[in-house]
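The values are calculated or read from the model by the stated rules, or taken from the named source; none is laboratory data. Please read these numbers as outputs of a predicted model, since none were measured by experiment. Cβ placement follows ideal geometry from the backbone for every residue including glycine, while neighbour counts extend to all protein chains displayed.
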């Protein structure tokens, strides 16, 4: 199974709001950077573009999205709400019923890709 198929399977297995949220995160990532590459690492969907950009996973009570170089990214919209003390990564934790600020998330993905291109 290739990485995209494995991600499809993961979304299907999360057959509640978590799967819907993970599917929407995936769409937003691709809308933000059409050339991004899907990978499957650490038992999670991972997106890269000239290096690791972000990953997302469904957990029991939330969906987490990690930005590998998040500590180096500006967060003017206050998206990061988890892992704020980590040296490199920053995370966004989505709980059931949370709205995704899609324009801000796309901007964050673009910032992360740009950081890899510097």
(request) Give me a count of the residues in the range 15-30 that are out of contact with any helix residue (DSSP H, G or I) (no Cβ under 6 Å at 6 or more places or on another chain) and surrounded by fewer than 18 Cβ atoms within 10 Å (Cβ to Cβ). (result) 7
(request) Filter the range 76-97 down to residues that are out of contact with any helix residue (DSSP H, G or I) (no Cβ under 6 Å at 6 or more places or on another chain) and in a strand (DSSP E or B) and give me whichever is modelled with the lowest pLDDT. (result) 82
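Matching residues to (1) surrounded by 12 or more Cβ atoms within 10 Å (Cβ to Cβ); (2) under 20 Å from residue 10 (Cα atoms):
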site: 39; (1), (2): yes, yes
site: 42; (1), (2): no, yes
site: 48; (1), (2): yes, yes
site: 78; (1), (2): no, no
site: 82; (1), (2): yes, no
